[in-house]
Number of protein chains: 2
Amino acid sequence: MSDTTATDEGQEQVLQDVIILGGGPAGFAAGIYAGRGRLKTLVLDGMGGGGQLNTIDTIENFPGQLEAITGPDLVDKMRQQMEKFGTEITFDQAEKVTVDDDAQAITVEGAYGKYRGRTLLLASGARHRHLNVPGEEKLQGRGVSYCATCDGAFFKGQRVAVVGGGDTAVKEAVYLSRVVDHVTVIHRRDQLRAEKVIQEKALASENIDFLWDSVVESIEGEDAVTGLKIRNVKTEEKSELTVTGVFVFVGILPNTDIVKGLVNLDPSAFVVVDADMRTSHPRIFAAGDVRSGSVRQIASAVGDGTTAILNIQEHLDSETPPREQS
Amino acid sequence: MSDTTATDEGQEQVLQDVIILGGGPAGFAAGIYAGRGRLKTLVLDGMGGGGQLNTIDTIENFPGQLEAITGPDLVDKMRQQMEKFGTEITFDQAEKVTVDDDAQAITVEGAYGKYRGRTLLLASGARHRHLNVPGEEKLQGRGVSYCATCDGAFFKGQRVAVVGGGDTAVKEAVYLSRVVDHVTVIHRRDQLRAEKVIQEKALASENIDFLWDSVVESIEGEDAVTGLKIRNVKTEEKSELTVTGVFVFVGILPNTDIVKGLVNLDPSAFVVVDADMRTSHPRIFAAGDVRSGSVRQIASAVGDGTTAILNIQEHLDSETPPREQS
């Protein structure tokens, strides 16, 4: 087992104890413990870190955080805490993951470099699912959005639609109702799936309406969104809705393309883990939104990251030769 | 399925959506989400809540908590947050858990009342393992302690021993070194198992010494601790150590006596769960230190509690009749 890679510069020379893919709450929680445990750690994130928290306006359910806080502020605290314990974030996007021939290390190829680690923690999160209807791709950034806190302000005084009925959709509708003139929530079922507290806020809001049992068939407009074509799934009735913006929150897709074939995935492509956050490969662990069965909360991501890294540490300590004691 | 119990007063009448056993970080995190989800929830704790956090002096690794905080302060924030969302804590000690004959509800008998819930979340934590050596039981509270932050101040200017080599033992030794005159750490192995950051603090401390490969054979003293009899497990050499206090941190035992026979336990009596925090009984979930494979951190307990309660909510919502929409 060699502790250098084929190339011989900087981080590429180092055999890390663990490579953490993703700088969201799961990755940063793991990074905090990795630092305290003096693991040689590389946290890779192609977007500068923060993950989905960058798009969250108000967090009031993260345990211990009694005052409401923004997503960027909370995740920045976690990053600072991680750096305080000596774990740094490296800006690079992982593009390929392979297991070395001797099965003793994992190689991650990024856009800017190649990295090797004795173990890998997949904390790469998830991204928004698209509607896949005509007009959606063409009008992205021209009225079609997947982030209300990013784009809501562009629609001040205008009418917008929110598609979806889960936590995120309803939360974002409430947020938008304070920013724009009017919000129509379009949901394929006849009731919301969101947390009750959030539902109540939405249902009590004077400028939020609901279109139940409805789906978007197409997004209309040439250079910018002008409206939606809608179908009622129970009556098959068709209608049109005039809006200048449409915010899509219809679920998430895991960022697992780069580990396909390396670890077992569930039918929706999330990584299957046990309660220790172990995947089907002994050197690969997963935590947060990317793992099968995640409840997709900041608190659960942080918990997963902590559980994963301490089991990784145990795995490393159990190996011969053990990791260097620094 | 009835929504009252045999008795007919106060809480005993109510069929809860979930009974949470234990008011530590796992239970409070679950309580926060239960409140936001408008579940009818009862949190039972016989000791007033806080769990093992009540005994922790300094926490600097809870993600998002950038400034160090005491255990009681952190857990108090979680309790306030839970109460803000409408979940209250009830002071009672669960003594017996049974599943109703129709398997539709769980009954918890406490010292002061009887409670029923459609589901149960076991977040009852763990307690300190004892050495089980002569003198230990007799001298508890007279020099034998399991909590440095509770009892350390009594030993100002004196010499004490700490037994154990894990995170808790070494953390508590560092804490005690600032309070007492001198600390001897007695550990059965030749190296510590604690986090590296904590090890370094302990090894750098001028008034902490280490007795490696050693175990306590007995605790000496009539009305108060006067010393320890010690055996080196490698050389079999015996020695005596003059101390007025001994702090024991040799692992934890799960509080699972009341669910024996109801759910599968691992060989150390921790509750076996899957990654959703489901036990072998469909209406019973477990979270935090009480569950098998817990890494015993505040962050992981909070994550477990969040994962458990959102899966409980899904279980309740999937049942017919669904829980009342309030």
### Message
Given (1) in a loop (DSSP other than H, G, I, E, B); (2) more than 14 Å from every other protein chain (Cβ to nearest Cβ); (3) of a type outside the set (A, V, I, L, M), identify the lone condition not met by A:S280.
### Response
(2)
### Query
Of all the residues that make up region A:115-142, how many are open to solvent by less than 10 Å² (accessible area, probe 1.4 Å), more than 27 Å from A:G23 (Cβ to Cβ) and either in the same structural domain as A:D209 (by TED's automatic domain parsing) or not acidic (D, E) (or both)?
1
### Message
With touching a strand residue (DSSP E or B) at 6+ places or on another chain (Cβ under 7 Å), polar (S, T, N, Q) and modelled with pLDDT under 95 as the only criterion, which of A:S177, A:S214, A:S218 stands out?
### Response
A:S177
### Summary
In region B:145-154, residues that are within 17 Å of B:G135 (Cβ to Cβ) and crowded, with 22+ Cβ neighbours inside 10 Å total 1
#### Entry: Residue count, region B:264-292 (criterion: more than 26 Å from B:G50 (Cβ to Cβ), touching a strand residue (DSSP E or B) at 6+ places or on another chain (Cβ under 7 Å) and either of a type in the set (V, I, T) or without any contact (Cβ under 8 Å) to a residue 60 or more places away in the chain (or both))
3
### Query
Looking only at region B:264-277, which residues are in a loop (DSSP other than H, G, I, E, B) and either within 14 Å of another protein chain (Cβ to nearest Cβ) or under 18 Å from B:Q16 (Cβ atoms) (or both)?
B:N264, B:D266, B:F270, B:V272, B:V273, B:D274, B:A275, B:D276, B:M277
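In region B:9-50, what residues are in a helix (DSSP H, G or I) and within 13 Å of chain A (Cβ to nearest Cβ)? Spell out the reasoning first.
As a first pass, look at region B:9-50 and keep what is in a helix (DSSP H, G or I): B:10-13, B:25-36.
Across region B:9-50, the qualifying residues are B:P25, B:A26, B:G27, B:F28, B:A29, B:A30, B:G31, B:I32, B:Y33, B:A34, B:G35, B:R36.
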### Pair list, Cβ < 6 Å and 6+ apart or interchain, from region B:299-326 residues that are at pLDDT below 75 to residues that are surrounded by 20 or more Cβ atoms within 10 Å (Cβ to Cβ)
B:R323/B:D17; B:S326/B:R38
### Message
So, A:R291, is that one under 14 Å from the mean Cα position of the chain (by Cα), open to solvent by 50 Å² or more (accessible area, probe 1.4 Å) and within 14 Å of chain B (Cβ to nearest Cβ) or not?
### Response
no
### Message
If I ask for residues that are in contact with a strand residue (DSSP E or B) (Cβ under 7 Å, 6 or more places away or on another chain), surrounded by fewer than 16 Cβ atoms within 10 Å (Cβ to Cβ) and not in a strand (DSSP E or B), which ones from region B:221-233 would you list?
### Response
B:V233
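Filter region B:90-109 for residues that are aliphatic (A, V, I, L, M) and at pLDDT 95 or above and give the result. Can you show your working first?
Applying the first criterion (aliphatic (A, V, I, L, M)) to region B:90-109 yields B:94, B:97, B:99, B:103, B:105-106, B:108.
Within region B:90-109, B:A94, B:V97, B:V99, B:A105, B:I106, B:V108 qualify.
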## Note on the structure
Within region B:82-98, the residues that are within 14 Å of chain A (Cβ to nearest Cβ) and at negative phi are B:M82, B:E83, B:K84, B:F85, B:T87
### Selected residue (criterion: surrounded by the most Cβ atoms within 10 Å (Cβ to Cβ)) from residues of region B:17-58 that are acidic (D, E) and closer than 20 Å to B:T119 by Cβ
B:D45
### Query
What number of residues in region A:239-263 are of a type outside the set (F, W, Y) and either free of Cβ contacts under 8 Å to residues at least 60 places away in the same chain or assigned to a strand (DSSP E or B) (or both)?
13
### Query
Scanning for something in the same structural domain as B:Q297 (by TED's automatic domain parsing) and at positive phi, does region B:99-106 turn up at least one residue?
yes
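Here are some residues: A:K238, A:K201, A:K260. Which one is modelled with pLDDT of 95 or more and outside the structural domain of A:G110 (by TED's automatic domain parsing)? Step through it out loud before you land on a result.
Details: A:K201 fails: modelled with pLDDT of 95 or more; A:K260 fails: outside the structural domain of A:G110 (by TED's automatic domain parsing).
Result: A:K238 is the single residue among A:K238, A:K201, A:K260 that is modelled with pLDDT of 95 or more and outside the structural domain of A:G110 (by TED's automatic domain parsing).
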### Query
Does region A:273-285 include one or more residues that are among the acidic types (D, E) and outside the structural domain of A:R188 (by TED's automatic domain parsing)?
yes
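Can you name the residue in region A:59-81 that is at the interface with chain B (Cβ under 7 Å from one of its Cβ atoms) and outside any loop (DSSP other than H, G, I, E, B) and is also surrounded by the fewest Cβ atoms within 10 Å (Cβ to Cβ) among such residues? It would help to see each step written out before you state the result.
Start the filter on region A:59-81 by keeping residues that are at the interface with chain B (Cβ under 7 Å from one of its Cβ atoms), which leaves A:61-66, A:74, A:77-78, A:80-81.
Right, trim to outside any loop (DSSP other than H, G, I, E, B) and you get A:74, A:77-78, A:80-81.
Details: A:L74: 20, A:K77: 18, A:M78: 27, A:Q80: 11, A:Q81: 23.
Checked region A:59-81; the qualifying residue surrounded by the fewest Cβ atoms within 10 Å (Cβ to Cβ) is A:Q80.
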### Task
Check region B:236-256 and report whether any residue there is touching a helix residue (DSSP H, G or I) at 6+ places or on another chain (Cβ under 6 Å) and surrounded by fewer than 20 Cβ atoms within 10 Å (Cβ to Cβ).
no
### Task
Say whether the condition of being assigned by TED's automatic domain parsing to the domain that holds B:K234, in contact with a Phe, Trp or Tyr (Cβ under 6 Å, 6 or more places away or on another chain) and more than 25 Å from A:R38 (Cβ to Cβ) is met by at least one residue in region B:181-196.
no
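What are the residues in region B:202-211 that are touching a strand residue (DSSP E or B) at 6+ places or on another chain (Cβ under 9 Å) and either open to solvent by less than 40 Å² (accessible area, probe 1.4 Å) or in a helix (DSSP H, G or I) (or both), if any? Steps first, answer last, please.
Initially, region B:202-211 is screened for residues touching a strand residue (DSSP E or B) at 6+ places or on another chain (Cβ under 9 Å), giving B:202-203, B:205, B:207-211.
Answer for region B:202-211, where residues must be touching a strand residue (DSSP E or B) at 6+ places or on another chain (Cβ under 9 Å) and either open to solvent by less than 40 Å² (accessible area, probe 1.4 Å) or in a helix (DSSP H, G or I) (or both): B:A202, B:L203, B:S205, B:N207, B:I208.
Answer yes or no as to whether A:E236 is assigned to a strand (DSSP E or B) and more than 14 Å from every other protein chain (Cβ to nearest Cβ).
no
Which residue is most open to solvent (accessible area, probe 1.4 Å), if the candidates are limited to region B:155-180 and must be within 22 Å of A:I32 (Cα to Cα) and touching a helix residue (DSSP H, G or I) at 6+ places or on another chain (Cβ under 7 Å)?
Just the residues of region B:155-180 that are within 22 Å of A:I32 (Cα to Cα), to begin with: B:165-172, B:174-175.
From the residues that got through so far, the ones that are touching a helix residue (DSSP H, G or I) at 6+ places or on another chain (Cβ under 7 Å) too are B:167, B:170-172, B:174-175.
Numbers: B:D167: 39, B:V170: 2, B:K171: 80, B:E172: 20, B:V174: 21, B:Y175: 41 Å².
Per the stated criteria, the residue is B:K171.
The values are calculated or read from the model by the stated rules, or taken from the named source; none is laboratory data. Keep in mind that what you see is a predicted model, and the values were worked out from it rather than measured. No Cβ is skipped: glycine too gets one built from the backbone with ideal geometry, and neighbour counts run over all protein chains shown. Accessible surface is based on the protein model in full, side chains and every heavy atom, while ligands, DNA and RNA are left aside. Shrake-Rupley method; radii C 1.70, N 1.55, O 1.52, S 1.80 Å.
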